[in-house]
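Below is one structure; the comments refer to it alone.
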Amino acid sequence: MEQQVFGGEHHSGRVARPLWTAMKRGFLGRCPNCGEGKLFRGFTKTVETCSVCGEEIHHHRADDLPAYLVIVIVGHIVLGAFMGVEATSTLSTWQHIAIWVPLTILLSIALLQPVKGAVIGLQWAFYMHGFGGQKDGTESHHGA
């Protein structure tokens with residue numbers, strides 16, 4: 001029985017790339033291809049190419065998706081925690097503000113780069129936005 005690997009495009013004849021490995025490497029700020037080179041040169045600014053394996057990173061298109069994902073993740077964490085604390089304590093409005101506003105800001109800042117890295121890893125694994133060798137909008141059509 002063949003082990004199913006997610007990533008790549010089996011129907012196109014391209015080698016499948018390991019989705020979860022690529023996303024984990026990106027989440028940790030590493031090149032999705034080799035896992036060794038740094039993915040970021042600034043807080044959210046990616047490197048042009050991996051310094052270890054030479055994989056081009058500059059053409060990724062993470063755009064606003066990482067920010068939206070961070071909003072969803074942090075919103076669920078903070079809202080769930082707030083509701084749990086509210087149900088079990090009698091904190092004042094100011095105490096809630098003192099807890100949840102800084103926690104929301106810290107979680108958002110802490111997660112933005114890792115989530116962006118995971119999105120870039122996903123794009124690399126699925127050959128999206130230049131990671132497959134062609135420019136956006138120039139998809140190859142087999143059998144046409």
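Quick notes on this one:
- No other residue among THR93, THR21, THR88 is at pLDDT 95 or above, hydroxyl-bearing (Ser, Thr, Tyr) and over 20 Å from GLY117 (Cβ atoms) apart from THR88.
- Test result for ILE73, farther than 13 Å from LEU112 by Cα, of a type in the set (A, V, I, L, M), touching a residue at least 12 places away in the same chain (Cβ under 8 Å) and out of contact with any Pro (no Cβ under 6 Å at 6 or more places or on another chain): no
- Residue list for the stretch 37-69, filter: surrounded by 15 or more Cβ atoms within 10 Å (Cβ to Cβ) and either assigned to a loop (DSSP other than H, G, I, E, B) or free of Cβ contacts under 8 Å to residues at least 24 places away in the same chain (or both): GLY37, LEU39, VAL47, CYS50, GLU55, ILE57, HIS60, ALA62
- Options ILE71, ILE99, ILE105, ILE77; residue that is under 26 Å from MET128 (Cα atoms) and of a type in the set (A, V, I, L, M, F, W, C): ILE71
- Set side by side, the residues VAL119, VAL72, VAL78 differ, and just one is surrounded by fewer than 12 Cβ atoms within 10 Å (Cβ to Cβ) and either assigned to a helix (DSSP H, G or I) or β-branched (Val, Ile, Thr) (or both), which is VAL72.
The values are calculated or read from the model by the stated rules, or taken from the named source; none is laboratory data. Remember, predicted model here, so these are calculated numbers, not experimental data. A quick note on method: Cβ atoms are made from the backbone with ideal geometry, for glycine too, and the neighbour counts reach across all protein chains shown.
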